[in-house]
Each structure stands twice: as C-alpha cells, then as structure tokens.
1. Would you mind counting up the charge near Phe33? Only other residues with Cβ under 11 Å from its Cβ, with Lys and Arg at +1 and Asp and Glu at -1.
2. Carbon and sulfur: what percent of the chain's accessible surface (1.4 Å probe)?
3. Please state the charge dipole magnitude for the chain, taken about the Cα centre, from unit charges on C-beta atoms (+1 on K and R, -1 on D and E), reported in debye and rounded to the nearest 20.
4. Can you bin every Cα-Cα distance in the chain into 10 Å intervals starting at zero and give me the percent of pairs per bin, rounded to whole numbers?
5. Mind checking which of Gly111, Gly162, Val19 is farthest towards the positive end of the chain's charge dipole, using Cβ charges of +1 (Lys, Arg) and -1 (Asp, Glu) about the Cα centre?
6. Per the helix-only calculation at 222 nm, which mean residue ellipticity applies to the chain, given -39500 (n - 2.57) for every DSSP H run of n ≥ 4 and division by its residues, nearest 500 deg cm²/dmol?
7. Work from the charge dipole of the chain (Cβ charges, +1 for Lys and Arg, -1 for Asp and Glu, about the Cα centre) and give the residue of Phe33, Pro195, Ala87 farthest towards its positive end.
8. Using per-residue counts of other Cβ atoms within 10 Å, averaged over each peptide, order 142-149, 29-36 from highest down.
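The values are calculated or read from the model by the stated rules, or taken from the named source; none is laboratory data. What you see is a predicted model; the values in this text were computed from it and never measured. Note that each Cβ is placed from the backbone with ideal geometry, even for glycine, and that neighbours are counted across all protein chains shown. These accessible areas exclude ligands, DNA and RNA; they are computed on the full protein's heavy atoms, side chains included. Shrake-Rupley method; radii C 1.70, N 1.55, O 1.52, S 1.80 Å.
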Amino acid sequence: HIDPLSLTSDPRVHRFLEVALQKGETLRRLLRFSPLNKGQTMRFLFALELLGLIEYGVDQGSLIELDGVMATLKALSNRCREGHFEALGLHVTSHPSEYQSALDKLRQDFGAESDVAATSPEASALCAEILSRAQTAFDVVKVKPKRIVYRSERFTATELAGFSALLREKMKLAILRGHERKARMLQEMAMELDPKGFRQALVSESDDEQ
C-alpha cells in the first residue's frame, strides 16, 4: 500500500494532496489550487489516478451548459493542439487497442453529419479541425516505432520509467482481481514505455521470490 505523502517532500504539495485525496474535487479546482505548474500537476494527478487514489468530481455545469457549443469546441481544439494523445482524448499510457475506438467516437460526436457540426458554419469548421488533428495523431500513434519516438520527444526517460512503474503496480492489482486481459494490456504498455526497467523489475521480483 503506497502512502501518497511519500511521493513528495514538498509541504506545499502535501497540502495539495490533502485536498486532492478528498474524493469529489473537480479537476478544474485542483488545477487552480495546485502549487505546481499545469503540466506537473496533470502528471502528478495522473499518477494518483493510476494508483486508484483519486476520483474527480463533476463540475456543476458542463462547458456546453456554461458557455455553449462553441466554447466546448474551442476547448477541444486547444486540447488537440497539445499533442497526439490529447487529440484522441487519451493518456500517453493508453493501450493501442483504444486508439481506433477513440477516433471512432470523435467521428461520431463531431463528424460532418453530427448535431454539433450542424450548429453553425463556425462549429462545423472547428469540428473538421478536431477530426483532422485526431486523424493525424492516429496515423502516428498507431505505428509502434513512431509512437515510441514521439513519446521520447515529449517525455524524459525518467518520466517514462515512472509511468511504466505505475502501470506495473496496476498490473499486479489486476492480476489479484482476476482481470487477466487488463493485466496483459498493462504489462504490454509498461514494457513498451520502459523495456529495460521492466525487465530489471521482473528479475528483481524473481530474485525476491527465491
């Protein structure tokens, strides 16, 4: 069992953790409260999420309810520009089997015949941009050598090793719960993210058992 406070020695982050671990806080409020920058905060929250230590609450109003369709589309358009995985609405650790379904869902939600695209010419143009970026992203990440290079350009080896270690922990939990398919997918991704570290961890665990 991992003590989340052991993840950092920064007292400011400890206070942030106390808030973050109160299940039900919205992502928007956590980002505003965090003493870290947005990128660091998202990675930290992602680690907590992988460990099953955090659950996000839901904002009182969605973007559509608060600001209308155009505000939602602009937010999605901005997200798409952040990177390939973001364009597909996925985590950098998502399994390749999720890529096609993510693209299909975007096509369904924002395709030319969708209700959202029919809202206005401006909305239609943004939908087309979102899908174009998603398709470009899919064409890269679906090819294993390309996505490995892409990840290495966006994340340090230390960060990738950290993601891999977290996936190994989730894999062990999935095995204990009898979720064999999920465990296999987590193993594949942990290996892909940090092959050397994954093999070393297996050797170390094998030595511990002997």
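1. +3
2. Working: 6680 of 12500 Å².
Using a 1.4 Å probe with all protein chains present, the chain comes out at 53 percent carbon and sulfur.
3. 320 debye
4. Pair shares across the bins are 7, 27, 33, 24, 6, 1, 0.
5. The residue sitting most towards the positive pole is Gly162.
6. Values: 11 runs with 145 residues, N = 210.
That comes out to -22000 deg cm²/dmol.
7. Looking along the dipole axis, the top candidate is Pro195.
8. Numbers: 142-149: 12.8, 29-36: 14.8.
Listed from highest to lowest mean packing, they are 29-36, 142-149.
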